[in-house]
Amino acid sequence: MSRRLIFPFLSFCFLVNLAVTAQESEVLMLEATIVDFETSEPLPYVTVYNLGNGTGTVSNNEGFFRLAGVSTEDTVRFSFVGYTTLKLSGSELQRSNRTLKLERKPAMLSEFTLLGDWSVLYKLIQRARKAQTYRKQSAKTYFSLESFANDQRVELLECYYNGHFAGYDIQKLELKNGRIALAEFGNRFFVSTESSKAIYSHELFGDNPYFPASPFQLTKGRLKKDYDLRLLSKYKDEQDNLIFVIDFTPRDSTDDLFSGQVWIDSLTADIYKVNLQKRSAKNHPFLPMGNVKRLDRIDLDITKNFKPADKGMIFESVNFDYSVHYTTNKSEKLVTDTRAVLIGYNSEELFRLPQFDFIDARYGDYVKINAAPYNAFFWENMNEFADDSRAEKNQLFLPGNSALTDRDMFGDNEFFVGGVLQQPYVHWNGDPVFLAGGGAIKTPREEWQGTLPSERYALTVKYYLDINSFDNELHFLSANVLDPFETYYDYKMNPVDHMFVNMYFDLFEIHYREMVKALERCDCDESRMEEIFDEYTEKAKEQGKLFRYEVNRGKNWGQMEKWDRHIFDVLQISNIERFQGK
């Protein structure tokens, strides 16, 4: 069966029907659907946080949330910008009769309405631009993305990062762990390989070439020329700050400008929340790929939340929703809706990141996830922060419950020969590796004239190590990986070249196995385990260097035979026998 891929670049109250299930040791499972009190519309992305054990969640697009592990002694906080924060104990929630109400901040419009002069609003937004700070902070960060086609969930991406923030913007996301589940629809798959990159590439006040413009990027003259501003309401927050809620609408609907609302401190010009909306965006971070003939329309809906920090505001979360209307090469008209949320939830501590060098920080989520083996231990125990039901999501990531997961999507599978993405990371499994050769590096042949032969190829093998500890149980996951993005071979491949490449990879596997044994024997902490990792990485590199020197890219046949015997003694693999006669 042939399959094709699509690669887009990338007064309110809350009425909560609360189901509380008692478990042993007075531990509760909270489930609720959060809706608008007056309209009964579901309210997405309400933050629910257990102050007792540091776990949390957000309501999904249908207003539903589930939070496990709440004891009767814990305090649970329900918060949303513009509304009174509610804190209830687990025992109070247990007695709540399945109903909670979170009241909107009282509006204070009267005296301002009488003025009838909105010039102060333009000045306030200009002040926000001038008063912005670049306060830096790092935090554990959660990211979840879901894509739907005809109301069918076709893609699920879930990641944890160490997020690094500066003022209102995201500076960098360092991947701790991620996983993917894809479901087939209409004989095709949909993947969002660069979504987190698209999210952090948008800056509130900066130049955003891949997005429509907003009031926060414009000069005073352009702001007045391009936008109508209107005060929707004002209220006082918990710190007694007077917050304005301002609506901004482009004067010319054909301009590529965001409309939306901003929640802004009337005194300091600090921004607490901003919503940006644009239908039929001309500037967007998506590209047609695979069987997509053209992108017909992109609709964007972005909401960013910020919180006070020492000497300024700092990023807290972003909801990044978009709809892609496109035409396939077969002239089919299709629409895919994607909802993503990214939350910096714990600035008190950071993840211990895996030991693996992504030489290019621009790699997308899919590429980075491919570098690591699936970490079942991490996903079964990680419950600090997640949206929707973790139990439900765990089922989606199991083999057989969706067409493809990251366990099988990067290699040969029933849908694709060679996997979903080109040049995936190759994990050693005993099978032969074949490089394209013949100028895999994109450099004109004449540039090689006068270059040393050893500089016309590069073989890059790396070890991966991820250490995690839950409930005093220390666990590590490791892999021996060929990095395709740093590997090239400018020579035309022949059987001896294949022997040479595979022997190199196998030699790293020998040291990798020794490293795993040393880690298993080690009754030590994470730091010592990382030292062992470094020691064996250096040993493998040194032996790889000696091997390359002695065999001279396969020209020294005696040395090739010597190294082949060594590999056979340990791995029972003879690359000379494997490739001879081919």
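Nothing in this text is a laboratory measurement; each read-out follows from the coordinates by a stated rule. Computed from a predicted model, the values in this text were never measured in an experiment. Positions of Cβ are backbone-derived with ideal geometry, glycine not excepted, and every protein chain shown enters the neighbour counts.
Roughly speaking, what % of Cα-Cα pairs in the stretch 228-276 are separated by over 15 Å, rounded to a whole number?
Values: 535 of 1176 pairs.
Within the stretch 228-276, distances greater than 15 Å cover 45 percent of Cα pairs.
How high is the relative contact order of the stretch 115-351, given as a whole-number percent (alpha carbon pairs under 8 Å, six or more residues apart)? List each step's numbers first, then the result.
Values: 551 pairs, mean separation 53.4, N = 237.
Rounded, it is 23 percent for the stretch 115-351.
What FRET efficiency do you get for R352 and S119 if R0 is 56 Å and r is their Cβ-Cβ distance, rounded to the nearest 0.05?
Working: r = 52 Å, r/R0 = 0.93.
Computed FRET efficiency for R352 and S119 comes out at 0.60.
Could you order the peptides 536-542, 171-177 from most to least packed, using the average number of other C-beta atoms within 10 Å per residue? Intermediate values should be presented prior to the final figure.
Numbers: 536-542: 16.4, 171-177: 19.7.
Top to bottom by mean Cβ count within 10 Å: 171-177, 536-542.
Could you work out how much longer the chain between K225 and L474 gets when fully extended? Use 0.36 nm per residue separation minus the Cα distance between them, nm to one decimal.
Numbers: separation 249, 0.36 × 249 = 89.64 nm, distance 6.01 nm.
The K225-L474 span can extend by a further 83.6 nm.
Normalise the Debye intensity by I(0) for the stretch 425-579, one equal point scatterer per Cα, no solvent, then take log10 at q = 0.13 Å⁻¹ and round to two decimals.
Treating every Cα as an identical point scatterer, log10 I(q)/I(0) equals -0.65.
Averaging sequence separations of C-alpha pairs under 8 Å and six or more residues apart, then dividing by the length of the stretch 425-579, give the relative contact order as a whole percent. Before the final figure, lay out each step's value.
Values: 184 pairs, mean separation 38.1, N = 155.
Normalised by residue count, the contact order of the stretch 425-579 is 25 percent.
Could you work out how far the C-alpha centroid of the stretch 115-166 sits from that of the stretch 458-501, in angstrom?
Value for the Cα centre distance between the two parts: 36 Å.
Where does the stretch 300-382 land on Rg/Rh, using Cα atoms and the Kirkwood Rh?
Working: Rg = 18.2 Å, Rh = 17.0 Å.
The Rg/Rh ratio comes out at 1.07.
Determine, from the Cβ-Cβ distance of Q395 and K282 and an R0 of 30 Å, the FRET efficiency 1/(1 + (r/R0)^6), rounded to the nearest 0.05.
Calculated transfer efficiency: 0.15.
Once you have the Cα-Cα distance between R456 and E103, take 0.36 nm times their residue separation minus that, and quote the gain in nm to one decimal.
120.4 nm
Sorted by average packing, counted as other Cβ atoms within 10 angstrom per residue and highest first, what order do 377-383, 163-169 take? If you can, show how the numbers build up before the last one.
Working: 377-383: 16.1, 163-169: 21.7.
Descending mean neighbour count gives 163-169, 377-383.
Relative contact order for the stretch 138-234 using alpha-carbon pairs under 8 Å, separation at least 6, rounded to a whole percent? Before the final figure, lay out the partial values.
On the way: 124 pairs, mean separation 18.5, N = 97.
Across the stretch 138-234, relative contact order equals 19 percent.
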